[in-house]
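K.L.:
Just passing along the structure, written as structure tokens.
Read the figures in this text as sums done on the coordinates, not as results from a lab. In this text the structure is predicted, and so the values were computed from the model without any measurement. Every residue, glycine among them, receives a Cβ derived from its backbone with ideal geometry; neighbour counts consider all protein chains shown.
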There are 2 protein chains.
Amino acid sequence: MRADAQRNMDALLEAAMAVFATSGVDAPVREIAAKAGVGLGTVYRHFPQRSDLIAAVFRHEIDACADAAPVLAVEHEPGEALARWTLRYVDFVAAKRGLAPALHSGDPAFDTLRAYFEQRLRPALQALLESAAAAGEVRTDVDADDILGAVASLSMHAFDRGPKHARRMVSLFVDGMRYGLSPHPKSKRAVRRKT
Amino acid sequence: MRADAQRNMDALLEAAMAVFATSGVDAPVREIAAKAGVGLGTVYRHFPQRSDLIAAVFRHEIDACADAAPVLAVEHEPGEALARWTLRYVDFVAAKRGLAPALHSGDPAFDTLRAYFEQRLRPALQALLESAAAAGEVRTDVDADDILGAVASLSMHAFDRGPKHARRMVSLFVDGMRYGLSPHPKSKRAVRRKT
DNA sequence: TCTTTATACGGAACGGTGTTCCGTATGTCA
DNA sequence: TGACATACGGAACACCGTTCCGTATAAAGA
């Protein structure tokens, strides 16, 4: 791949991410091209359809969210890492709330995306979940898909009442996974009731 | 109101309903105008914005759904009427699935619509619900808003797996409301356990 | 019945969108 | 250093929602 092509590709992705965040996913392609300092033709060379650009940005952010998991796993105790990643995931879902319609619109460009979403996020979360479970910091009757689905629909709705509310509802849910287990990582007093 | 104006208005509503059902709510205004045998200017005389036309069709179908309630109430036993209306409501929600994004889009033309939706459907359902409750055919700890909300979100999701699945899930929900009560309207054997 | 006039009609025109096309510029490799 | 495959920019196209205005017509008074 030619150097300038690669450079423009990166510039486009960055510009698109910024513009989508500001003006929503309905922002004109011309605006993104301008922000990236690139001609219209160049946009369509790299992303034949408008939806391909959206999908690329989306994929990019899925990666960022998934990649946050191992980092958090190193920086925090298992239970805390899980809790923090979940809130990170809330932010991801919130940012992409405007895409829900597109996802269900039947555009084939987004079919791949759903699969990528699961394939990438599930293992990331599963690792955190298994560590936390092994450390006895969360219950064992919840799996990664449960969390991905529940938290997504939870924050989707709850965001209508503001980001604070969404994070609070999700925190509640996460605390539910800790129910009956040691309340703080440091104090290992076994409070556990109800397997 | 002039006679031709009324005629064109009706033709437009009918054409819009048909076109939206076929091509979705994103269908071009020109297509609707053509189907109604009417000029573009006429469309915008009656519906200053595209969203006003959508809202009008929506209101029309809310009415149809609400008006079905008293009819069913006369034709069937209270519990059965409630069950049938709920499935009628599923069809309504399913048909309008494409509007969910628009509803949440912040367009002021749709703000009124949400209010109308509740103001019209809640009393219709409430009447069925009270009859059924009075006849001892459903539990009394569920109210109209519970049903409207639950069934809407339930069928919204379930329709991804086909209309059969949606109706099945909702039927399950409705049966839940009958739990512990006489299984068939005719046979009044009191099976009831658990108040 | 015939005027009159307020009202409604049709469709060309406008501004803005996604997408295509092609002449021009440029990175890459022998 | 050429030669050429590749990438670039932006004018042009098709289609969209919306506006505008000259024309047609339904309705009310003579």
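K.L.:
Somewhere in the range A:112-123, is a residue touching a Ser or Thr at 6+ places or on another chain (Cβ under 8 Å) and among the hydrophobic types (A, V, I, L, M, F, W, C)? I'd like the intermediate steps shown before the answer.
P.N.:
As a first pass, look at the range A:112-123 and keep what is touching a Ser or Thr at 6+ places or on another chain (Cβ under 8 Å): none.
Taking every residue of the range A:112-123 in turn, none turns out to be touching a Ser or Thr at 6+ places or on another chain (Cβ under 8 Å) and among the hydrophobic types (A, V, I, L, M, F, W, C).
K.L.:
OK, next. Please specify each residue of the range B:158-167 satisfying the condition of being exposed (fewer than 15 other Cβ atoms within 10 Å of the Cβ) and at negative phi.
P.N.:
Listed by number, the residues that qualify are B:D160, B:R161, B:P163, B:K164, B:H165.
K.L.:
Run down A:A134, A:A124 and say which single residue is out of contact with any Cys (no Cβ under 6 Å at 6 or more places or on another chain) and surrounded by 17 or more Cβ atoms within 10 Å (Cβ to Cβ). Step through it out loud before you land on a result.
P.N.:
Values: A:A134 fails: surrounded by 17 or more Cβ atoms within 10 Å (Cβ to Cβ).
From the options A:A134, A:A124, the qualifying one is A:A124.
K.L.:
Shifting gears a bit: Can you name the number of the only condition in (1) at negative phi; (2) within 14 Å of chain A (Cβ to nearest Cβ) that B:G106 fails?
P.N.:
(1)
K.L.:
Here's another thing I want to ask about it. Within the group B:D67, B:D52, B:D10, which residue is acidic (D, E), over 17 Å from B:A94 (Cα atoms) and within 12 Å of DNA strand C (Cβ to nearest atom)? Break it down stepwise before answering.
P.N.:
Values: B:D67 fails: within 12 Å of DNA strand C (Cβ to nearest atom); B:D52 fails: within 12 Å of DNA strand C (Cβ to nearest atom).
When all the criteria are applied, what remains is B:D10.
K.L.:
Could you figure out which of (1) away from DNA strand D (no atom under 14 Å from the Cβ); (2) touching a Lys or Arg at 6+ places or on another chain (Cβ under 9 Å); (3) over 28 Å from A:R167 (Cα atoms) isn't true of A:A66?
P.N.:
Here A:A66 clears every test but (3).
K.L.:
Among the residues of the range A:1-40, write down those that are more than 14 Å from chain B (Cβ to nearest Cβ) and more than 13 Å from DNA strand D (Cβ to nearest atom). Spell out how you get there, then give the answer.
P.N.:
Going residue by residue through the range A:1-40, those that are more than 14 Å from chain B (Cβ to nearest Cβ) are A:1-22, A:27-40.
If the condition is that a residue be more than 14 Å from chain B (Cβ to nearest Cβ) and more than 13 Å from DNA strand D (Cβ to nearest atom), then A:E14, A:A16, A:M17, A:A18, A:V19, A:F20, A:A21, A:T22, A:A27, A:E31 are the ones that fit.
K.L.:
Also, quick follow-up: Return the residues of the range A:92-103 that are within 13 Å of chain B (Cβ to nearest Cβ) and either surrounded by 17 or more Cβ atoms within 10 Å (Cβ to Cβ) or touching a residue at least 40 places away in the same chain (Cβ under 8 Å) (or both); say none if nothing qualifies.
P.N.:
The first filter runs over the range A:92-103 and keeps only residues within 13 Å of chain B (Cβ to nearest Cβ), leaving A:97-103.
Matches in the range A:92-103: A:R97, A:G98, A:L99, A:A100, A:A102.
K.L.:
Let me ask another. Considering the range B:109-129 alone, what residues qualify as being within 15 Å of the chain's Cα centre (by Cα) and within 14 Å of another protein chain (Cβ to nearest Cβ)?
P.N.:
The answer is B:R114, and nothing else.
K.L.:
Let me ask something else. Step by step: first the residues of the range B:1-40, then only those that are in a helix (DSSP H, G or I) and among the acidic types (D, E), then the one that is nearest to the chain's Cα centre (by Cα). Which residue is that?
P.N.:
Residues of the range B:1-40 in a helix (DSSP H, G or I): B:3-23, B:29-35, B:40.
Within this subset, residues satisfying the condition of being among the acidic types (D, E) are B:4, B:10, B:14, B:31.
Numbers: B:D4: 30, B:D10: 21, B:E14: 17, B:E31: 25 Å.
Filtering first and then ranking leaves B:E14.
K.L.:
Looking at this structure, is B:T140 under 15 Å from the mean Cα position of the chain (by Cα), β-branched (V, I, T) and away from every other protein chain (no Cβ under 14 Å)?
P.N.:
On the way: under 15 Å from the mean Cα position of the chain (by Cα): no; β-branched (V, I, T): yes; away from every other protein chain (no Cβ under 14 Å): yes.
So B:T140 fails the test.
K.L.:
Considering only the range A:78-90, I want to know if a residue exists there that is surrounded by fewer than 18 Cβ atoms within 10 Å (Cβ to Cβ), in contact (Cβ under 8 Å) with a residue 40 or more places away in the chain, farther than 18 Å from A:S153 by Cβ and more than 14 Å from every other protein chain (Cβ to nearest Cβ).
P.N.:
So far as the range A:78-90 goes, yes, one or more of its residues are surrounded by fewer than 18 Cβ atoms within 10 Å (Cβ to Cβ), in contact (Cβ under 8 Å) with a residue 40 or more places away in the chain, farther than 18 Å from A:S153 by Cβ and more than 14 Å from every other protein chain (Cβ to nearest Cβ).
K.L.:
Further, regarding this structure: Look at B:V43 and say whether it is within 11 Å of DNA strand D (Cβ to nearest atom), assigned to a helix (DSSP H, G or I) and within 22 Å of the chain's Cα centre (by Cα). Break it down stepwise before answering.
P.N.:
On the way: within 11 Å of DNA strand D (Cβ to nearest atom): yes; assigned to a helix (DSSP H, G or I): yes; within 22 Å of the chain's Cα centre (by Cα): no.
For B:V43, the condition - within 11 Å of DNA strand D (Cβ to nearest atom), assigned to a helix (DSSP H, G or I) and within 22 Å of the chain's Cα centre (by Cα) - is not met.
K.L.:
I've got another one for you. Quick check on my filter: what residues within the range B:13-49 are within 13 Å of DNA strand C (Cβ to nearest atom), surrounded by fewer than 15 Cβ atoms within 10 Å (Cβ to Cβ) and of a type outside the set (D, E, K, R)? If you could, list the steps in order and put the result at the bottom.
P.N.:
If we filter the range B:13-49 for residues that are within 13 Å of DNA strand C (Cβ to nearest atom), which is where we start, we get B:13, B:15, B:26, B:28-30, B:32-48.
In the following step, the residues that additionally are surrounded by fewer than 15 Cβ atoms within 10 Å (Cβ to Cβ) were identified as B:26, B:28, B:30, B:34, B:37, B:39-41, B:45, B:48.
B:P28, B:A34, B:G37, B:G39, B:L40, B:G41, B:P48 - these are the residues of the range B:13-49 that are within 13 Å of DNA strand C (Cβ to nearest atom), surrounded by fewer than 15 Cβ atoms within 10 Å (Cβ to Cβ) and of a type outside the set (D, E, K, R).
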